[in-house]
Amino acid sequence: NEKFVRILIVVSFIFALYFFYLLPKQTFIVIAPLTILSLLYILQIWKIPPLRSIPFLKIFVIVVVWGGMAVFLPHSFVKDLENQPLLSNSICLAVGIALYVFAETLPFDVRDMREDKYQKIKTLPHKIGFMKSKYLSVILFVASFLFILLSYSMGLGSILLDISFALSVIYSIIWVCAIKENRGDLFYSLGVESSLIIPFVSFSTLNYLFTSVSLIHKF
């Protein structure tokens with residue numbers, strides 16, 4: 001299906017450019033550098049190799065793009081990022097999300113250890129080993145929640161967001177602890193990777209339940 005995949009990529013890129021043009025101009029300052037970083041992740045420019053092939057850099061590029069897009073892009077629609085208190089709070093939230101993605105991505109580097117070794121791509125699990133990578137992932141999940149709590153204490157987010165994130169961290173840690181060296185792709189694709197959508201699912205569910213309870217209480 002290589003031909004179909006290439007066509008899909010081209011069509012998606014065209015639509016991305018169209019919707020990018022429709023976005024408010026102030027969002028460009030956030031999108032442009034992160035887009036360039038994403039392209040450099042897979043493309044070789046002149047003699048500069050793709051960033052994913054540079055030892056230990058692969059996972060850090062992913063978390064920077066995720067953290068930046070998840071926090072600074074939405075804020076650029078409605079907030080002035082030159083406001084120093086807001087910027088500090090936003091950075092704290094971005095770090096929390098970046099650490100969460102870091103913790104979620106690390107197991108996939110564990111899964112790809114053999115393939116990365118064959119392609120001569122050096123990753124963190126190659127350096128510290130299987131078990132230490134699992135422990136590091138758990139630590140990063142906990143650290144991400146602490147940064148989310150810190151951003152809430154600084155006036156950003158909500159108690160509902162904190163509860164949702166706590167549930168997501170618990171869910172993710174359970175999956176990480178269940179990782180074994182012989183786990184198949186389905187375990188990672190359905191289990192570990194689903195942790196990326198759990199914050200949204202848990203927040204939406206709790207918000208719906210709290211709203212329903214409030215409405216019932218009014219009646």
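The values are calculated or read from the model by the stated rules, or taken from the named source; none is laboratory data. All values derive from a computational prediction rather than experimental measurement. Cβ sites come from the backbone with ideal geometry, for glycine too, and all protein chains shown count toward neighbours. Heads up: the accessible areas ignore ligands, DNA and RNA and are worked out on the full protein's heavy atoms, side chains in. Shrake-Rupley method; radii C 1.70, N 1.55, O 1.52, S 1.80 Å.
Results for (1) at pLDDT below 85; (2) not polar (S, T, N, Q), shown as yes or no for each residue.
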site: I173; (1), (2): no, yes
site: F200; (1), (2): no, yes
site: T211; (1), (2): yes, no
site: L215; (1), (2): yes, yes
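Determine whether I48 is β-branched (V, I, T), open to solvent by 80 Å² or more (accessible area, probe 1.4 Å) and at pLDDT below 80.
On the way: β-branched (V, I, T): yes; open to solvent by 80 Å² or more (accessible area, probe 1.4 Å): yes; at pLDDT below 80: yes.
Yes; evaluated as a whole, the condition is true for this residue.
Restricting to segment 109-152, and then to whatever is at negative phi and not in a helix (DSSP H, G or I), can you tell me which residue is most open to solvent (accessible area, probe 1.4 Å)? Break it down into steps so the answer makes sense when it comes.
Initial filter on segment 109-152 (at negative phi): 109-119, 121-128, 130-152.
Restricting the remaining residues to those that are not in a helix (DSSP H, G or I) gives 112, 119, 121-123.
Values: D112: 28, Q119: 92, I121: 11, K122: 116, T123: 3 Å².
Looking at residues that are at negative phi and not in a helix (DSSP H, G or I), I get K122.
Quick check on my filter: what residues within segment 19-32 are free of Cβ contacts under 8 Å to residues at least 12 places away in the same chain and in a helix (DSSP H, G or I)? Spell out how you get there, then give the answer.
Just the residues of segment 19-32 that are free of Cβ contacts under 8 Å to residues at least 12 places away in the same chain, to begin with: 19-23, 25, 28, 32.
Correct list: F19, F20, Y21, L22, K25, F28, A32.
Please list, ordered by first then second residue, the pairs with beta carbon atoms under 9 Å, 6 or more apart or interchain, first in segment 146-158 and in contact (Cβ under 8 Å) with a residue 60 or more places away in the chain, second buried (at least 16 other Cβ atoms within 10 Å of the Cβ) and aromatic (F, W, Y).
Every condition considered, the pairs that remain are G157/F165.
Of the conditions (1) at pLDDT below 80; (2) touching a Lys or Arg at 6+ places or on another chain (Cβ under 7 Å), Y118 fails just one. Which one is it?
Among (1) at pLDDT below 80; (2) touching a Lys or Arg at 6+ places or on another chain (Cβ under 7 Å), the lone unmet condition for Y118 is (2).
Among the numbered criteria (1) aliphatic (A, V, I, L, M); (2) surrounded by fewer than 15 Cβ atoms within 10 Å (Cβ to Cβ); (3) under 21 Å from V110 (Cα atoms), which one does I163 miss?
Checking I163 against (1) aliphatic (A, V, I, L, M); (2) surrounded by fewer than 15 Cβ atoms within 10 Å (Cβ to Cβ); (3) under 21 Å from V110 (Cα atoms), the one that fails is (3).
Among the residues of segment 177-193, write down those that are assigned to a helix (DSSP H, G or I), more than 16 Å from the chain's Cα centre (by Cα) and surrounded by 13 or more Cβ atoms within 10 Å (Cβ to Cβ).
F187
Only one residue in V71, V63 is under 20 Å from the mean Cα position of the chain (by Cα), closer than 22 Å to I197 by Cβ and modelled with pLDDT of 85 or more. Which one? Full working, then the answer.
Numbers: V71 fails: modelled with pLDDT of 85 or more.
None of the other options fit; the residue is V63.
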